[in-house]
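The values are calculated or read from the model by the stated rules, or taken from the named source; none is laboratory data. This one's a predicted model, so the numbers in the text were calculated from it and none came from an experiment. Glycine gets a Cβ as well: all are built from the backbone with ideal geometry, and neighbour counts include every protein chain shown.
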Amino acid sequence: MNDERTLKIREIAKELLSKGEIAVFIGYGKGTCNGKARPIFVRTPEEADELIFDSTCSNNLVTYLKFPAVRDEGVVGIVVKGCDAKALVGLIRESQLMREQVRIVAVTCEGVVADDGQLQLRCQYCDVANPTFYDFLVGSPVEDQKPRDFSGLLEKYETMSVEERWEFWQSQFEKCIRCYACRQACPLCYCTRCIVEKNQPQWIETSSHLRGNFAWNIIRAFHLAGRCAGCGACEDACPVDIPLMLLNYKLEKEIWDYFHYRVDLDPESVPPFTTFKTDDRGEFIL
Amino acid sequence: MARIGVFVCHCGENIASVVDCERVAKISASLPGVTYATDYKYMCSDPGQDLIKSAIAEHNLNGVVVAACSPHMHETTFRKAAQQAGLNPYLCEMANIREHCSWVHDDHEKATQKAIDLVRIMVEKVRRNHPLEPVRVSVTKRALVIGGGIAGIQAALDMANGGIEVVLVEKEPSIGGHMAQLSETFPTLDCSQCILTPKMVEVAQHPNIKLYTYSEVENVSGFVGNFKVTVRKKARSVNMELCNGCGLCTQKCPSRKIPNEFDRGLSNRSAIYIPFPQAIPNKPVIDRDHCIHFKTGKCGVCEKVCGTKAIDFDQQDELVNEEVGAIVVATGYDLYNISMDQPNDKLEGYGEYGYGKYPDVIDGLQFERLLSATGPTGGKILRPSDGKEPKNVVFISCVGSRHNAKGITYCSKICCTYIAKHGMLYKHKVPDGNAYVFYMDVRTSGKRFDEFWRRAVEEDGLVYLRGRVSKIYEQDGHLIVKGADTLSGVAVEVEADLVVLATAIVPQPNIEKLFQNLGISYDEYNFVTEAHPKLRPVESSTAGIFLAGACHSPKDIPESVAQASAAASKALILLSKPELEREPLVAKVNEATCIGCFYCLRACPAKAITEKEIKNRAGEVLRKVSEVNPSVCTGCGTCVSVCFSNSIDLEGFTDEQIYAEINSVIERMSVIQQ
C-alpha cells in the first residue's frame, strides 16, 4: 500500500541525502511483525526506497533524537506526525536540540493504529493532525481536529473514592517490572543520569517492589507534567500494560485547569514550571 | 565521626513549663553521633553561650544542635558562639522546640516526646553538615533614592553628606513631593515651603547628588552591594542645558485649560509648564498629551518665543544605567478618591457623598492649596464652585480609612491633626465662619499634637461632632451634610458651603510594579513591608533595599524625616564596608548530571543562573550546563524543585540532609507503631 505520502517522503529523503544536506534520515520501513511499520535509518539515496508511511506508523521517531550518538552523525532528517512534532519542539524548547540540527518532514495524519488494528487512544484527542512545525509538509490537510478533552476518559477514575483509586493503581503498579521501557521510549526522558539511578540519597527504591514502583511511576508522570507530548510511546512500550497515559492525560488536564497551558508546536511557549510568578495561583498553600 | 553537642534551652518558663528539658537532654545524649548533651535556663545568655563554647573545646565537638527558639530569633547568635569556639558556624543548627512545640502544645508528655524528635531530626541533619564559607561580594559605593519627596530628599542629603554619591530619581518634573503642596505644618504652623525649599535647593546644588527628575526606575537587577538600575528619563521636550528658565514659553502657550496637578485641579496650567514657582529644576516640561504641536503638528509658539532655542520637540525618552550598592525606596503616598471608579475591586467609592460630583466637596490636599499663599486663590478661602467665601465648613475624618466596608481597615494617622490645623487656619482667615468636624476618634498622638487639637477646640472654637456623615446632597446652593452626634444621641444636619474630606492615605497607584521589580514585599494595600516590625523598621525584605516615608505606612513629616535619616544611616553602614559577606546557603549545580534543559534558569526569580559551557582540552564545547552565581542566589530553592535530574542542591538544605531528617522521623514512627 504505497500512499501518496510514502512517495513524497521517499522523494524528500532522496533529495536531502543526495545533496548531502543530512547525514541520516529516520523514517518508517516495512516491518516483519503483524505488518506493522518499524523505524528505519536511511543513509543513502538508494535506501530511501525502503521508506513507507501508513496507518501502522505508530512509533515516535523523535525518541532517537535524544541520543547524542544519533545527533553526532550530523543533520538528521526525520518523519514526524503531529504528536511526534510536539515532542521534537519540546526538545528544542528544553535546549536538547537545535532547530538547525534537524530537517523535519511532517505528515498530516488521520490517526494510527495499535497492534490490534484499532485506532490508538491518543488519536481520539489529536489536535495536531495538521502539523505546523516543519521543513516539508507531506499529505493533504486533515479536517478533523479534535478537542483535547479527556473528561470522558478520566471520569471513571476521578469519581472513584480515594481507597478505590489507590487499589486500582496498586493493582497496576504491582505489575511493574522496572524495565524502564517507558523511560527509554519517551522522547522527553533524556536525562543522562535519571533520578532513579541517583542513590545519594536514594529517593526511589529500585527493586521491583510496590513501594518503589509507586514512587517511580508517579515521579515519571510528574516529571512530564506540562511537558508530555501525548505521543503514547511510554504506554506502547510497557510490556505489562500499565495505562500510563491515564496519568499523563490527568496531569495535562490539571496543568490546563491550573495554568491554562498546553504543550504546543511553538518552541517559544513557556511551560508553567519554568516560570516564577508572584501572582501564580496558590490556594493549595495554607 | 560525628561528635555532636546538644544544648537544650528552657527559655525561662517558655519551654520548660511544657517540655521536660532535662529529659530531652538526657535522651539526646544517647542519640547516635551525640557526644554531649545538657540543658540550661537561658542558652542565649552569656553563661549559656559560654556553656556551648566550653563544651566545644572540652569535648572536641564537630557539630552543635541548640534546641531552643526559632532560628529566626537566635540562629545567628548561636552560630557566632560556635564560631568563637573555633567551629565553622554552619555546623551549628537549631531545633525549634519553642514555636514548634512548647508554645503550641499543652500535653507535657507528648510535647517532650516531640521535642526529642525535633532534636533527633536536627542531629541527623548536622551529621551531614559540612563547613561553609560566606560568599564575599564587592560593594558599589553609591546609592539610589527613589522618590523626591521630603523622605527621599532627606535620605539623599544625609547620604550625600556622608560622602556617598547619590542618584535621586523623581517621576514628576520637580522634586518636593506632597510637602511642597502644603500650606502650613502642624503643630507649629510654620510654612511648609519655607522649610522645604532650602532642602530642595541643597539637593540641586549638592556635588554628591545626581538628580533625575521626570524619570522613572525602569528595571532593577543585581543584589545587595551591586544593583544595576535602568532609569527612564522621560522626554521633557525642553533641552535642560539650553533653557534658562525664563518662563516666557509658559506664558505664551495657547493651550491653557489643563487641570493643574500641583493645585489638584483647582486651577489650570499651560501645556508647557513649570509645576510650581519654587520647582527644582525650575525649568519647564511639555505635557505631550495636551500640547497642540504634539496633537496636530501645528502651533510651535514656545519654540518661536524661546530665546535660547531650548524647545526640542524631537526629544526621545532616554534610558540610563546606574550602578549602586544600596537603594532607598521613598515613593510616598497618594490620596484615596471617593469616586465610583477605584483602582481595584477591593476598594469602594462613596455614593453617599455623591462619588465626588459636587465641586465644593474637596479633599485635604485641595484645601491645603486653598490655604496656601502660592495656591490658586492666593491663600484666600474661596470655594471652587462660585468663588465665594464659605461661612460654614464641614471637615469629615476617616473617609476611606478605618472603614472596612470601603476596603481600607487602617488608620491614615495624620488626618486628625491636619483637620485640627485646617479648622484652625480657616478660622484665622474667616473669623466669622464656622468649622464643624465629624470624627470617629481624635487620634493626635505625636509630640505636642494633642495640645494642638485642644487649642483648635478651646481657642479657635472648632465644633467637634462625634459621628459619621450618612449623606451629603446639594440644596439651594448649599451642601446639606446629614450626620449624627453620637455623644448627645441626636441627628445633626449642617448647611455647609464647603466640605473637606480627610480621605485615606494610599500608596502611589500601580507602585507594586516597582516593588516587584525591586523584589521587595508589600502588603495587601501595596505598602512596603518592613523586615521586622520592631527591630528592622527601615529595612525591606530584600537586603540592601531600605524604606522611608509614607510608602511604608501613613506618616507625618517628622516621622518621614526620621525614617529617611534612619534609612540613610543603614545604607551608609552597608556602604562603609569594603566587601559584603553573604550567607553561603545557595544553590549548587552538579555539572556531571545536569542535562542543560535550563528550566532552572528560566524559573530563577533572582536571575542567578546562567549557561556554562563544558569544554574539552581542545577548547571544543561538549555540552552546556547551568551555573549558579552565589553572590546573586537568594537560596530560595525554586531551581531545586524544577530540576528533573535532581542536579541542583541547596547548601545547608541538601537532599542528603532532608532525606536523613525525614528518615529519622519515619524510623521513629515505625518504632511507635510496633
Does the stretch B:399-407 contain any residue that is surrounded by 23 or more Cβ atoms within 10 Å (Cβ to Cβ), under 26 Å from B:P187 (Cα atoms) and not hydroxyl-bearing (S, T, Y)? yes
Number of positions in the stretch B:575-600 that are touching a residue at least 60 places away in the same chain (Cβ under 8 Å) and either of a type outside the set (A, V, I, L, M) or buried (at least 21 other Cβ atoms within 10 Å of the Cβ) (or both): 12
The number of residues in the stretch B:505-526 that are in contact with a helix residue (DSSP H, G or I) (Cβ under 8 Å, 6 or more places away or on another chain) and assigned to a loop (DSSP other than H, G, I, E, B) is 4
Based on this model, can you work out whether B:A603 counts as crowded, with 19+ Cβ neighbours inside 10 Å, closer than 30 Å to A:H223 by Cβ and either touching a residue at least 24 places away in the same chain (Cβ under 8 Å) or of a type in the set (A, V, I, L, M, F, W, C) (or both)? yes
Show the residue pairs meeting these rules: Cβ distance below 6 Å; 6+ apart or different chains; first residue within the stretch B:31-54 and outside any helix (DSSP H, G or I); second residue of a type in the set (A, V, I, L, M, F, W, C) and at pLDDT below 95. B:G33/B:A2
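Residue-wise test of (1) farther than 17 Å from A:T108 by Cα; (2) surrounded by 15 or more Cβ atoms within 10 Å (Cβ to Cβ).
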position: A:E4; (1), (2): no, no
position: A:I9; (1), (2): no, yes
position: A:L16; (1), (2): yes, yes
position: A:I22; (1), (2): yes, yes
position: A:G31; (1), (2): yes, yes
position: A:N34; (1), (2): yes, no
position: A:I40; (1), (2): yes, yes
position: A:P45; (1), (2): yes, yes
B:P376 passes all but one of (1) over 27 Å from the mean Cα position of the chain (by Cα); (2) closer than 23 Å to B:Y436 by Cα; which number fails? (2)
How many residues are away from chain B (no Cβ under 12 Å) and touching a helix residue (DSSP H, G or I) at 6+ places or on another chain (Cβ under 9 Å) if we restrict to the stretch A:270-286? 1
Only residues that are away from every other protein chain (no Cβ under 13 Å), under 24 Å from B:Y336 (Cβ atoms) and out of contact with any His (no Cβ under 9 Å at 6 or more places or on another chain): list them for the stretch B:525-539, please. B:Y525, B:P533
Taking the stretch B:581-609 and keeping only residues that are in a strand (DSSP E or B) and either touching a helix residue (DSSP H, G or I) at 6+ places or on another chain (Cβ under 7 Å) or modelled with pLDDT of 95 or more (or both), one is left with B:A587, B:K588, B:V589, B:I609
Of A:D236, A:D257, which residue is more than 11 Å from every other protein chain (Cβ to nearest Cβ), at pLDDT below 95 and surrounded by fewer than 18 Cβ atoms within 10 Å (Cβ to Cβ)? A:D257
Could you list, in sequence order, the residues of the stretch B:551-569 that are surrounded by fewer than 21 Cβ atoms within 10 Å (Cβ to Cβ) and farther than 15 Å from B:D334 by Cα? B:P558, B:E559, B:A562, B:S565, B:A566, B:S569
Expected single match for surrounded by 20 or more Cβ atoms within 10 Å (Cβ to Cβ) and either part of a helix (DSSP H, G or I) or in contact with a Pro (Cβ under 7 Å, 6 or more places away or on another chain) (or both) among B:P198, B:P173 is B:P173
Looking at A:C231 and the list (1) part of a helix (DSSP H, G or I); (2) more than 14 Å from chain B (Cβ to nearest Cβ); (3) not small (G, A, S), which single condition is not satisfied? (1)
How many of the residues in the stretch A:141-189 are basic (K, R), touching a Cys at 6+ places or on another chain (Cβ under 6 Å) and within 30 Å of A:E4 (Cβ to Cβ)? 1
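Yes or no, residue by residue, for (1) of a type in the set (G, A, S); (2) free of Cβ contacts under 8 Å to residues at least 60 places away in the same chain; (3) not assigned by TED's automatic domain parsing to the domain that holds B:P47:
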site	(1), (2), (3)
B:R79	no, yes, no
B:G86	yes, yes, no
B:L91	no, yes, no
B:M94	no, yes, no
B:V104	no, yes, no
B:A111	yes, no, no
B:A115	yes, no, no
B:R127	no, no, no
Report every pair of residues separated by at least 6 positions or lying on different chains whose Cβ atoms are under 8 Å apart, first residue within the stretch A:39-58 and without any contact (Cβ under 8 Å) to a residue 40 or more places away in the chain and more than 23 Å from A:C83 (Cα to Cα), second buried (at least 16 other Cβ atoms within 10 Å of the Cβ) and small (G, A, S). A:R43/A:A23; A:P45/A:A13; A:A48/A:A13; A:E50/A:G29
Six or more apart or on different chains, Cβ under 6 Å: which pairs go from a residue in the stretch A:257-272 that's in the same structural domain as A:C228 (by TED's automatic domain parsing) and touching a residue at least 12 places away in the same chain (Cβ under 8 Å) to one that's in a loop (DSSP other than H, G, I, E, B) and exposed (fewer than 14 other Cβ atoms within 10 Å of the Cβ)? Could you list them? A:L265/A:T132
Looking at the stretch A:95-108, which of its residues are in a loop (DSSP other than H, G, I, E, B) and under 19 Å from A:A69 (Cβ atoms)? A:S95, A:Q96, A:L97, A:M98
Would you confirm whether any residue within the stretch B:615-638 is under 30 Å from B:M159 (Cα atoms), basic (K, R) and either within 9 Å of chain A (Cβ to nearest Cβ) or surrounded by 17 or more Cβ atoms within 10 Å (Cβ to Cβ) (or both)? no
Scan the stretch A:56-63 and tell me whether some residue there is among the aliphatic types (A, V, I, L, M), surrounded by fewer than 24 Cβ atoms within 10 Å (Cβ to Cβ) and touching a Leu at 6+ places or on another chain (Cβ under 7 Å). no
Residue check: is B:E493 loosely packed, with under 15 Cβ neighbours inside 10 Å and in a strand (DSSP E or B)? yes
Take the residues in the stretch A:196-214 that are touching a Phe, Trp or Tyr at 6+ places or on another chain (Cβ under 7 Å) and in a helix (DSSP H, G or I), then tell me which one is farthest from the other protein chains (Cβ to nearest Cβ). A:N213
Considering the stretch B:639-665, residues that are assigned to a loop (DSSP other than H, G, I, E, B) and more than 12 Å from chain A (Cβ to nearest Cβ), and then whichever is farthest from B:P605 (Cα to Cα), we arrive at B:G652
Condition test on B:A587, is it under 30 Å from A:R93 (Cα atoms) and out of contact with any Lys or Arg (no Cβ under 9 Å at 6 or more places or on another chain)? yes
Look through A:V76, A:V89 and report the one residue that is within 28 Å of A:R148 (Cα to Cα) and at pLDDT 95 or above. A:V89
Residues A:R183, A:R122: which one is surrounded by 14 or more Cβ atoms within 10 Å (Cβ to Cβ), within 14 Å of chain B (Cβ to nearest Cβ), in a helix (DSSP H, G or I) and touching a helix residue (DSSP H, G or I) at 6+ places or on another chain (Cβ under 9 Å)? A:R183
